[in-house]
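Engineer: Sharing a structure below in structure tokens format, with a few things to ask.
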Amino acid sequence: MRIDSSIAAIVTGGASGLGEASARALAAKGAKVALFDLNEERGRQVAEEIGGIACKVDVSDEASVDAGFARAREAHGQERILVTCAGIGTIGKTTRRDRETGAISHFPVDLFMKTIKVNLLGTFQCVAKAAAGMMTLEGLEDGERGAMVCTASVAAVDGQIGQVAYAASKAAVAGMTLPIARDLMSEGIRINTILPGIFNTPLLAGLPEAAQQSLAAAVPFPKRLGRPEEYANLVLTMLETGYFNGETVRLDGAIRMPPK
């Protein structure tokens, strides 16, 4: 797909991190970008800087998602591009024994469900609703109506101790990529998923410098945290390359996460 001023795009989680970098890269190509994010203030700031619009959206809530799509389409028309970066990270072992008291507890079911609702259901809702809209469009080259890029994580395949909910949600995003590509093949809509490793996002920026350096040293090469711009570059490659479809691709400097 050629990305220019005729193309409307939606980026979830677009107010920061990987989503912000993706939104900026799309806007630099001329696309009309709508940001879906709960951080309304930051979303507006980024949108103003890239000439897009910001929509306060909770991707785990269907009514909120519907309202976001309606606002984005009213402003820019039907999107041909969707990039899903919205997500949360949760930590906790499946079960744990308190070292002092011996008390046994398990990962809270409500927190597990919240992780699934945001990371998996949130991604699926946006994908399904975007695809339904894309199906109303005329096809471009090769009959392509639209293209989507989702965000999973290397935790999908290298889940660490304490990542049971997060890894499950991201593995499911990776797992649904090929079936969705097959579901949409007759409609000219492509989908791919990126599995990022350790990236320099606001979440990691809050860690002590020593912790960041330790994480960077664990990467085989290059020995640093990933840059959000590198993620955005792969997003553009997946969107612009018509034969790129149904793939899950690691972007991680060759790291393989240890148990902890």
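The values are calculated or read from the model by the stated rules, or taken from the named source; none is laboratory data. The structure presented is a predicted model; accordingly, all values stated were derived computationally and were not measured. Quick reminder, even Gly has a Cβ in these numbers, built from the backbone with ideal geometry, and neighbours come from all protein chains shown.
Engineer: Being within 26 Å of Gly226 (Cβ to Cβ), charged (D, E, K, R), modelled with pLDDT of 95 or more and part of a helix (DSSP H, G or I), is that true of even one residue in region 15-35?
Structural biologist: Yes, region 15-35 has at least one match.
Engineer: May I ask you to list the residues in region 198-240 that are without any contact (Cβ under 8 Å) to a residue 60 or more places away in the chain and small (Gly, Ala, Ser)?
Structural biologist: Ala205, Gly206, Ala210, Ala211, Ser214, Ala216, Ala217, Ala218, Gly226
Engineer: Give the residues of region 217-247 that are under 18 Å from Leu204 (Cβ atoms), touching a helix residue (DSSP H, G or I) at 6+ places or on another chain (Cβ under 8 Å) and not in a loop (DSSP other than H, G, I, E, B), sorted by residue number.
Structural biologist: Correct list: Pro228, Glu229, Tyr231, Ala232.
Engineer: Among the residues of region 133-178 satisfying the criterion of being out of contact with any helix residue (DSSP H, G or I) (no Cβ under 7 Å at 6 or more places or on another chain) and polar (S, T, N, Q), which is surrounded by the fewest Cβ atoms within 10 Å (Cβ to Cβ)?
Structural biologist: Thr136
Engineer: Moving to a separate point now. Just checking, which of Gly226, Gly253 is crowded, with 16+ Cβ neighbours inside 10 Å, at positive phi and at pLDDT 95 or above?
Structural biologist: Gly253
Engineer: Output yes when any residue across region 81-97 is part of a helix (DSSP H, G or I) and either polar (S, T, N, Q) or without any contact (Cβ under 8 Å) to a residue 24 or more places away in the chain (or both), and no when none is.
Structural biologist: So far as region 81-97 goes, no, none of its residues is part of a helix (DSSP H, G or I) and either polar (S, T, N, Q) or without any contact (Cβ under 8 Å) to a residue 24 or more places away in the chain (or both).
Engineer: Give region 3-22 a look and list any residue that's closer than 18 Å to Gln78 by Cβ and more than 11 Å from the chain's Cα centre (by Cα), or say none.
Structural biologist: Ile3, Asp4, Ser5, Ser6, Ile7, Ala8, Ala9, Ile10
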